[in-house]
1. Within the range 1-29, how many residues turn out to be of a type outside the set (S, T, N, Q), outside any loop (DSSP other than H, G, I, E, B) and under 25 Å from N158 (Cα atoms)?
2. Considering I167, I257, I205, I186, which residue is in a loop (DSSP other than H, G, I, E, B), crowded, with 19+ Cβ neighbours inside 10 Å and either in contact with a strand residue (DSSP E or B) (Cβ under 9 Å, 6 or more places away or on another chain) or not assigned by TED's automatic domain parsing to the domain that holds A276 (or both)?
3. Do we have M154 as buried (at least 21 other Cβ atoms within 10 Å of the Cβ) and within 17 Å of I111 (Cβ to Cβ) here?
4. Just to verify a result, which residue in the range 52-69, among those that are hydrophobic (A, V, I, L, M, F, W, C) and in a strand (DSSP E or B), is surrounded by the fewest Cβ atoms within 10 Å (Cβ to Cβ)?
5. Return the total of residues in the range 445-481 being assigned to a loop (DSSP other than H, G, I, E, B) and at pLDDT 85 or above.
6. Which of the residues spanning the range 365-381 are exposed (fewer than 15 other Cβ atoms within 10 Å of the Cβ) and assigned to a helix (DSSP H, G or I)?
7. Among the residues of the range 30-44, are any free of Cβ contacts under 8 Å to residues at least 24 places away in the same chain, farther than 21 Å from H511 by Cα and in a loop (DSSP other than H, G, I, E, B)?
8. Being surrounded by 13 or more Cβ atoms within 10 Å (Cβ to Cβ), assigned by TED's automatic domain parsing to the domain that holds V299 and over 23 Å from A110 (Cβ atoms): is that true of L211 here?
Amino acid sequence: MAYTINEITKALGLTGRIESNDRIDELVIDSRKLNFPETSLFFALKGGQQDGHRYILELYQKGVRYFVVSESIDSQLYQGAGFIEVENTLNALQMLAAFHRKKFSYPVIAITGSNGKTIVKEWLFQLLNYDYNIVRSPKSYNSQVGVPLSVWQMDIENQLAVFEAGISLPGEMKILQSIIDPTIGIFTFLGEAHAEGFSSRNQKITEKLQLFARSNFVFYCADEKEVHTAIQNFKTEMNPGLQLYAWGTSGEVYLKINGLKPETSGSVVSCFCEQASHDFFIPFTDEASLHNAFTCMAVLFYFEIPAAQIRERLLQLRPVEMRLELKTGINRCALINDSYSADINSLTIALNFLAQQQQHAHRTVILSDFFQSGQADEVLYKNIAAILKLKKLFRFIGIGPKLLQYSSLFKGVGTTHFYSTTNEFLQHISSLHFQDETILLKGARVFQFEKIGKVLEQKMHQTVLEIDLNALRHNIKIYRRRLNQGVKLMCMVKAFSYGSGSAEIASLLQHAGVDYLGVAYAD
């Protein structure tokens, strides 16, 4: 959904600053994640050691013409560009997202808690996308920046939204509530998480509950007594119309768990809901996964999904990868396996991750048909082709009858190959000679791209050292916070990185904006 610059400035209370009917449909905060510069609006955010104003020239050179800034910019240096000057660019981003949210009346689910937010969100998508066209937060976009970017994805073809919201300080949730304005709330799990940033655990719970200030329903676990008591008090004092849908093992709850029997490949749960007893098999045995599954079950019953369908869908639940995984492939390839979902937003994220990989000059994308996008097929695949053409791929492989039908749209996306089914592709895979390239595997679950992953992934039967790149990125941020403004950062690595992935680590350090790379070696 696009807005004119005039509409955007009016939404920000800045009418008269810029007069333009140019349309904007993408909000950008990272110069490295630019897809369509002509219709993008860049927000120059400030925070920590980062200042988005430093990247205005780079983005202008890439074709961006509209910027939201909090500093005076000499517009004469940027012919044809428009600068919307505000006091705080983050506040402006949040205000614009809240304006956009008000355009839609379909149900909006907001998820908070200390643990399980992303998993519950992704599982609800897996379980409900048979019935609804769903827009959801990408990955773990639940912060003061991530939430407005998530809400901006809402569009008229969607029928249900699922967003997550996380906070680290008092007062933050009121801002997120004003952006998401959820009709349905979910409080996942408090657990043993400490109250860092808050005076007490009780204050932390109370702050999180602000997300449901205008909600009609909330789902939670009544076995967590602190949460149960806090939600009841919140209902009494803040939102008397809030209806409580709790699950638990005792008391009067909406979904009562009567029994749990662990088995080799999962757990059999006996429960009572909607005046009937049910038995379901959940393909997990750990407590956290079962807890998240029970929350999802309660939501499915609320949405009047028949028990037989709930039973069938629970069998299909899969673990949620919290990040894109980079694996070693055959013939010196690198493999990015993201083979359990296929939609425009997650494709864009995966392509940005692919672009960060510098191990090989050649990049290949293997993609399946998309389902339930809400767009006409020709429009959808034109959009996908347009995104791919910007990525300068070596090779594109499309799998599915729709991609085969619209194959002509993908001229110019590197060398192209199209197959009607996954099995047909596997029959021809040896003729494609994959070697020395980075491969993104991105497909809807029904296409069973895990079969392709097994063929392309290097077979190894030895001890494997796993390097958590997210932890490395986190550590860099921690050290940066300790530095004074203007102090540069050098990261030291051992020679050959002890086999831990020298190209991957160097790429991450560059992406994180490290100033110098030091290498230790023997004299």
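The values are calculated or read from the model by the stated rules, or taken from the named source; none is laboratory data. Everything numeric here is computed off the predicted structure, so don't read it as measured data. Using ideal geometry, Cβ is built from the backbone for each residue, glycine included, and neighbour counts are taken over all protein chains shown.
1. At the first step, the residues of the range 1-29 found to be of a type outside the set (S, T, N, Q) are 1-3, 5, 7-8, 10-14, 16-19, 22-29.
In the following step, the residues that additionally are outside any loop (DSSP other than H, G, I, E, B) were identified as 3, 5, 7-8, 10-11, 23-24, 26-28.
Checking which are under 25 Å from N158 (Cα atoms) leaves us with 3, 5, 7-8, 11, 23-24, 26-28.
Total meeting the criteria: 10.
2. Details: I257 fails: in a loop (DSSP other than H, G, I, E, B); I205 fails: in a loop (DSSP other than H, G, I, E, B); I186 fails: in a loop (DSSP other than H, G, I, E, B).
Just a single option satisfies the conditions, and that option is I167.
3. Details: buried (at least 21 other Cβ atoms within 10 Å of the Cβ): no; within 17 Å of I111 (Cβ to Cβ): yes.
Criteria not met by M154.
4. Of the residues in the range 52-69, the ones hydrophobic (A, V, I, L, M, F, W, C) are 56-57, 59, 64, 67-69.
Keeping just the survivors that are in a strand (DSSP E or B) gives 67-69.
On the way: F67: 26, V68: 26, V69: 18.
My answer is V69.
5. In the first step, residues of the range 445-481 are kept if they are assigned to a loop (DSSP other than H, G, I, E, B); the result is 448-449, 458-468.
Imposing the further condition that a residue be at pLDDT 85 or above reduces the set to 448-449.
Count: 2.
6. D377, E378, V379 - these are the residues of the range 365-381 that are exposed (fewer than 15 other Cβ atoms within 10 Å of the Cβ) and assigned to a helix (DSSP H, G or I).
7. Quick first cut of the range 30-44, residues free of Cβ contacts under 8 Å to residues at least 24 places away in the same chain only: 30.
Filter once more, so that each one left must be farther than 21 Å from H511 by Cα: none.
Within the range 30-44, none of the residues are free of Cβ contacts under 8 Å to residues at least 24 places away in the same chain, farther than 21 Å from H511 by Cα and in a loop (DSSP other than H, G, I, E, B).
8. On the way: surrounded by 13 or more Cβ atoms within 10 Å (Cβ to Cβ): yes; assigned by TED's automatic domain parsing to the domain that holds V299: yes; over 23 Å from A110 (Cβ atoms): no.
Against the criterion (surrounded by 13 or more Cβ atoms within 10 Å (Cβ to Cβ), assigned by TED's automatic domain parsing to the domain that holds V299 and over 23 Å from A110 (Cβ atoms)), L211 does not qualify.
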